[in-house]
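The values are calculated or read from the model by the stated rules, or taken from the named source; none is laboratory data. Quantities reported herein were computed from a predicted structural model and do not represent experimental measurements. Using ideal geometry, Cβ is built from the backbone for each residue, glycine included, and neighbour counts are taken over all protein chains shown. Areas reflect the complete protein model, heavy atoms only, side chains present, ligands, DNA and RNA absent. Shrake-Rupley method; radii C 1.70, N 1.55, O 1.52, S 1.80 Å.
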Amino acid sequence: MRHVAIIGSGPAGYYTAEALQKLYGDEVQIDMIDRLPVPYGLIRSGVAPDHQSIKAVYRRYEKVALSANVRFVGNVCVGPDVTVAELAGLYDAVVLATGAPNDRPLGLPGSDLPGVVGSAAFVGWYNGHPDFAGLDPPLDVEAAAVIGNGNVALDVARILAKTRAEFAGSDIVGRALDALEASSIRTVHVLGRRGPHQIAMTPKELGELGHLEAAAPRVDLADFPPEADDSLLEPGMRKSVAHLRDFAHLPRDKAKTIDFDFFAMPVAVEGEGRVERLIVERTELTDDLRSVGTGERYSIPCGLVISCIGYQTPPIEGVPYEHGRGRFANQDGVIEAGPDGGLYCVGWARRGPTGTIGTNRPDGFEVAERIHSAFPPGASGGKTGGLGLDTLLHARGVEPVAFRDWQRIEAAETGRAREGSPREKFTSIAEMIAALGR
Ligand SMILES: Cc1cc2nc3c(=O)[nH]c(=O)nc-3n(C[C@H](O)[C@H](O)[C@H](O)COP(=O)(O)OP(=O)(O)OC[C@H]3O[C@@H](n4cnc5c(N)ncnc54)[C@H](O)[C@@H]3O)c2cc1C
C-alpha cells in the first residue's frame, strides 16, 4: 500500500486524488489535509455566490471524498500543526495543493490607508472565509475603484452593484448581504492598464453586467480600436469585446454605474485617515502591447479601493519557493523526489493564480502520473501514512474534522439558510466546530 498526503482540498487537491485513485486502484491510501474544517478551497470561498452552477462542481469532488481510500483531515494546518518534513517521514508522496490565497500587494503610495482591500479579503468576506469574516469594508461611500481587468474584478463589481433581490438563490453570507444592501455606492470604476482588446474577462461574466436590475455598465468608445480589428481576436475575446461595445448603447436610466476606465494605471491612493481618491496615470500601448504611462494624471474620488491584481502562495518552511512568481519552486510539479519519498505541488501552488477550475484537472493528473511512476504500487518502505499522522496530531491535542463531520457542518448550514438560499455559511472555525457539538 502506498501512502499519499495532499495538502489542500480545493480543485487541485481533488483532481489529484481522483487521478491517484484511477492509477493505483485500491493500492493507495490518500489523506487530504486542510487547514479549515470545510473542504473545497475557492469553490466555497472564491467562486461567486451568485454562480451556483459553477460551485456545483463540488458534487464531483464529493464522490472522491466518500471513497474508502480517501480521507479528509480538516482543521489541520500544515506548518503550525504538522510540518512538511514530518509528513515526508509518514507518506511516500506529499502534494502541496495549498492554492494562492494571499493578495499580491498593490504597493502604491497610500495603499495602506483604511479602505484599500485586496480581492482575496473582499471575496472571502462575502463568501464566508473565516480569515475575512471581520473585514467590514467601507460601503458608506459614493464610489469604489476596482483595480484589474480579469474575471475577479468583474465578480467584485457585480457583487457591489446587485440588489438584494438579485442575490436570490445565492449563498452569499447574510451579514455581507445586509451590508451590501445598505451600501451607498453608486459608481464602481473598473480600471485596467491596457485597452479593451487586452482584457482577461470572459463573455459570460461580461454579458451579465448588461442585465443588472439597478446598475448599467458604461464604456467610452474612444478607448476602442477600430471595430474591424475585432475580427483578429480569438472567438472568446471577440465576444467579450462585442459585449463591451454594446455597453456603449445601453440606456443610462439606472441608479448605479459600472464604469470601465481603460488605459488607466493607478499611481497613488490619497486621503485623510481613509481612502478619498485614487490617482491614476493615463497609459498608451507600446508596439509589443505593454502599457506605459503618458504623464497625464487624473483623480477618481472614491472611498473604497479593491485590488484584483493576482495572488501569491504563502511560503511553507523548508519548501523551496520562487519569490518572483509567488509559488513553490518546481519542475513540472516536482519539488523534490528521491527513493524515500517525493514532494510535489499542483494547482495554483504550482502554476500561480491562472486558469479556470478545469485547468487544475490535467495538472493534477500529470503530477499523479509522476508519483505513480516514482512509487509504483507495492509496499511502502516503512511509511505509516494516516496512522502515524493520527498519533502525531493526538499527541499535539489537534482534533481533525473528518468528511462525515463536514457533512454535519453542511447540514447545519443548510438548516439555518434564509429562504431561497442553499445555505447560511458559518464564518468562523469556532462556529463550525460548535456545530459538531465539540
Ligand atoms: C474570486 C475568484 C473567483 C473564481 N471564480 C471562478 C469561476 O467562476 N470559474 C472557474 O473556473 N474558476 C474560478 N476561479 C479559479 C478557481 O477557483 C481556481 O482555479 C482553483 O480554486 C484553484 O485550485 P487550488 O486547489 O489550486 O486552490 P484553492 O482552491 O485555493 O484550494 C487550496 C486549499 O488549500 C488549503 N490550504 C492552504 N494552506 C494550507 C495549509 N498550510 N495547510 C492545510 N491546508 C491549506 C486551503 O484551505 C484550501 O482549501 C476563481 C478564483 C477566484 C480567486
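If you go through segment 1-20 and keep only what is assigned to a strand (DSSP E or B) and more than 6 Å from the ligand (Cβ to nearest atom), you end up with ARG2, HIS3, VAL4, ALA5, ILE6.
Remark: pairs (first residue in segment 149-168, over 22 Å from THR354 (Cα atoms) and more than 10 Å from the ligand (Cβ to nearest atom); second residue in a helix (DSSP H, G or I) and modelled with pLDDT of 95 or more; Cβ separation under 6 Å; 6+ apart in sequence or on different chains) = ARG164/GLU181; PHE167/LEU177.
Yes or no, residue by residue, for (1) surrounded by 20 or more Cβ atoms within 10 Å (Cβ to Cβ); (2) more than 16 Å from the ligand (Cβ to nearest atom):
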site	(1), (2)
ILE316	no, no
HIS323	no, yes
VAL334	no, yes
VAL346	yes, no
ALA349	yes, no
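Within segment 177-185, at least one residue is open to solvent by 30 Å² or more (accessible area, probe 1.4 Å), under 22 Å from CYS302 (Cβ atoms) and among the hydroxyl-bearing types (Ser, Thr, Tyr). Close Cβ contacts (under 6 Å, 6 or more residues apart or on different chains) running from residues in segment 89-108 that are within 12 Å of GLY310 (Cα to Cα) to residues that are open to solvent by 40 Å² or more (accessible area, probe 1.4 Å) and in a loop (DSSP other than H, G, I, E, B) comprise ALA100/PRO353; ASN102/PRO314; ARG104/ILE309. Taken together, the residues in segment 46-75 that are surrounded by 20 or more Cβ atoms within 10 Å (Cβ to Cβ) and within 8 Å of the ligand (Cβ to nearest atom) amount to 3. Only one entry in ILE147, ILE199, ILE172 is crowded, with 21+ Cβ neighbours inside 10 Å, touching a Ser or Thr at 6+ places or on another chain (Cβ under 9 Å) and farther than 14 Å from PHE260 by Cβ, namely ILE172.
Residues of segment 202-227 that are surrounded by 19 or more Cβ atoms within 10 Å (Cβ to Cβ) and aliphatic (A, V, I, L, M): LEU206, LEU209, ALA215, ALA216, VAL219. What pairs come out if I take residues in segment 39-68 that are within 12 Å of ILE357 (Cα to Cα) and pair them with residues that are outside any helix (DSSP H, G or I) whose C-beta lies under 6 Å away, six or more apart or interchain? These pairs meet every condition: GLY41/GLY10; GLY41/GLY99; LEU42/GLY10; ILE54/VAL47; LYS55/VAL47; TYR58/TYR40. Within segment 404-416, which residues are in contact with an Asp or Glu (Cβ under 7 Å, 6 or more places away or on another chain) and open to solvent by 30 Å² or more (accessible area, probe 1.4 Å)? Matches in segment 404-416: ARG416 only. Condition check: among the aliphatic types (A, V, I, L, M), modelled with pLDDT of 95 or more, surrounded by 22 or more Cβ atoms within 10 Å (Cβ to Cβ) and more than 10 Å from the ligand (Cβ to nearest atom). Does VAL38 satisfy that? So VAL38 fails the test. Among the numbered conditions (1) open to solvent by less than 50 Å² (accessible area, probe 1.4 Å); (2) touching a residue at least 12 places away in the same chain (Cβ under 8 Å); (3) within 12 Å of the ligand (Cβ to nearest atom), the only one that GLY358 does not meet is (2).
Could you list, ordered by first residue, the pairs with Cβ atoms under 7 Å in which the first is in segment 370-382 and among the β-branched types (Val, Ile, Thr) and the second is open to solvent by 50 Å² or more (accessible area, probe 1.4 Å) and part of a helix (DSSP H, G or I), at least 6 apart or interchain? No pair meets every condition. Once segment 361-386 is narrowed to residues that are among the polar types (S, T, N, Q) and farther than 15 Å from VAL334 by Cα, the residue that is most open to solvent (accessible area, probe 1.4 Å) is THR384. Output the residue which, of all residues in segment 124-144 that are of a type in the set (A, V, I, L, M) and surrounded by fewer than 24 Cβ atoms within 10 Å (Cβ to Cβ), is nearest to GLY338 (Cα to Cα). Ranking the qualifying residues of segment 124-144, first place goes to ALA133. Restricted to segment 23-35, and to residues there that are within 8 Å of the ligand (Cβ to nearest atom) and buried (at least 22 other Cβ atoms within 10 Å of the Cβ), the residue that is farthest from THR427 (Cα to Cα) is ILE33. Looking at THR98, is it within 14 Å of the ligand (Cβ to nearest atom) and either open to solvent by 10 Å² or more (accessible area, probe 1.4 Å) or modelled with pLDDT of 95 or more (or both)? Answer is yes for this residue.
Working only within segment 313-339, note down all residues that are part of a strand (DSSP E or B) and within 16 Å of ARG370 (Cβ to Cβ). Hits for segment 313-339 are PHE328, GLN331, VAL334, ILE335, GLU336, ALA337, GLY338.
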